[in-house]
Amino acid sequence: MRLDRYLCQTTDLTRSQARSIIRGGRVSVGGAPVTQPASQVDMQAEVVLDDSLLSPPLPRYFMLNKPLGVVCATRDPSQRTVLDLFDVPKRNALHIAGRLDIDSTGLVLVTDDGQWSHRITAPSNHCPKTYHVILAEPLTVEQASSVGAGLLLKGESRPTKPATIERVSELELHLTITEGRYHQVKRMFAALGNRVMALHRLSIGGLSLDQSLVPGGYRSLKRQEIELF
């Protein structure tokens, strides 16, 4: 972790204040003064500010039941963001591990652990995500087979990876995909001449949304949940 970020996460300093303090020679790492804010610091290193030993920040992991009308972004000039829903210290240090559109709802993971979120979002890891989908029109057997085999989306040169469909009712289904292309679920059904009326994410990998969370509610992940990724 960058030294200036380390200070921000272990104190009440802003990023600019932390940089100024580091450049002023007030911080040492492992007993040696460090004056470059971009210097990398190991989480087990002894970091001292003005003779005070700083405790390493513990990573945080949350699940959120994202409501409608909230942007999956850390900041937005005009819309309420996912981070605005969090009443926790240093919430600006958090980021989103897997986004949802503003008109989609359900499971969103939020953390300040970059390596952990990378394991979830990296395309090479093929992390499965399951959605409850409500369609405008019933899906035919042939169309369901096309989704299962992979669809060529408009403007793309390779088809989507095979997906799994579980029918819930005539217009509702559970869809599991292992990619995260732009507006992928909506574009998949649009390619079939259909339209997604509502989209709710149920799970990411082996982690399902806690059904006790109301829209906009969140909770910390349990250790066994964190270790799923």
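Please report the antiparallel percentage of DSSP beta bridges with both residues in the chain, rounded to the nearest 5.
95
Quick check on packing: order 57-67, 162-172 by the mean number of other C-beta atoms within 10 Å, highest mean leading.
57-67, 162-172
Considering Cα pairs under 8 angstrom that are at least six residues apart, work out the relative contact order of the stretch 64-109 and quote it in whole percent.
The normalised contact order for the stretch 64-109 reaches 50 percent.
Taking a point 7 angstrom from the Cα of GLU46 along the C-beta vector, which residues in the stretch 8-26 have backbone N less than 19 Å away?
Those under the cut-off are 26.
Return P(r) of the stretch 157-229 (all Cα-Cα pairs; 10 Å bins starting at 0; whole %; ordered from short to long distances).
Whole-percent P(r) values from 0 Å outward: 14, 42, 32, 12, 0.
Can you give me the distance in nm between label points at ALA149 and ARG80, each placed 7 Å from the Cα along the Cα-to-Cβ direction?
4.5
Quick one: among ARG181, ARG119, ARG91, which has the greatest mean-square fluctuation in a GNM of the chain with alpha-carbon springs under 10 angstrom?
The residue with the greatest mean-square fluctuation here is ARG181.
Amide H to amide H, which residues 5 or more places from THR81 or on other chains are under 5 Å from it, using H placed in the peptide plane?
VAL71
Starting from the Cα of ALA93, step 7 Å along the direction of its Cβ; do the same at GLN36; then give the gap between the two resulting points in nm.
About 2.3 nm, to one decimal.
Within 14 Å, Cβ to Cβ, of VAL47, how many net charges do the neighbouring residues add up to if Lys/Arg are +1 and Asp/Glu are -1?
Result for the neighbourhood of VAL47: -2.
Residue by residue, what Karplus-based ³J(HN,Hα) values in Hz, rounded to whole numbers, does the stretch 197-207 have, using 6.51, -1.76 and 1.60 with θ = phi - 60° and x for Gly and Pro?
Values, residue by residue: 8, 8, 9, 10, 7, 8, 7, 10, x, x, 9 Hz.
Could you name the lysines whose alpha carbon sits less than 26 Å from that of LYS154, not counting residues in the same chain fewer than 8 places away?
Within the straight-line limit of under 26 Å, LYS154 reaches these lysines: LYS129, LYS186.
Counting pairs of alpha carbon atoms under 8 Å apart in space and at least six apart in sequence, what relative contact order in percent does the chain give?
19
Once R0 is set to 30 Å, what does the formula 1/(1 + (r/R0)^6) return for the Cβ-Cβ distance between HIS183 and VAL141, expressed as a FRET efficiency to the nearest 0.05?
After rounding, the FRET efficiency stands at 0.75.
Identify all aspartates and glutamates with a Cα-Cα distance to LYS90 below 12 Å; exclude those on the same chain that are fewer than 8 residues away in sequence.
The reachable aspartates and glutamates, counting only those whose Cα sits under 12 Å from LYS90, are ASP12, ASP112.
If R0 is 30 Å, what FRET efficiency do you get for ALA122 and ARG167 from their C-beta distance, rounded to 0.05?
About 0.45, to the nearest 0.05.
Given 0.36 nm per residue, what is the gain on full extension from ILE226 to LEU68 after removing their alpha carbon distance, in nm?
Taking 0.36 nm per residue and subtracting the Cα distance, the gain is 54.3 nm.
Separation of the stretch 138-179 and the stretch 4-31 by C-alpha centroid, Å?
50
For the stretch 1-103, what is the relative contact order in percent, using Cα pairs closer than 8 Å and at least 6 residues apart in sequence?
Over the stretch 1-103, the number comes to 20 percent.
With 10 Å bins from zero, work out the P(r) of the stretch 49-177 over every alpha carbon pair and list the percent per bin.
All Cα pairs considered, the percentages come to 10, 30, 31, 19, 6, 3, 1.
Give the average over all directions of the projected area of the C-alpha convex hull of the chain, one decimal, in nm².
So the mean shadow area of the Cα hull is 14.8 nm².
Taking the stretch 75-123 as the region of interest, what is the percent of Cα-Cα pairs per 5 angstrom bin, listed from the shortest bin to the one with the maximum distance?
Using 5 Å bins, I get a P(r) of 4, 18, 28, 25, 19, 5, 0 for the stretch 75-123.
Values quoted throughout were computed directly from the atomic coordinates according to the rules given, and no laboratory measurement underlies them. Please read these numbers as outputs of a predicted model, since none were measured by experiment. Neighbour counts run over all protein chains shown; Cβ positions are idealised from the backbone, glycine included.
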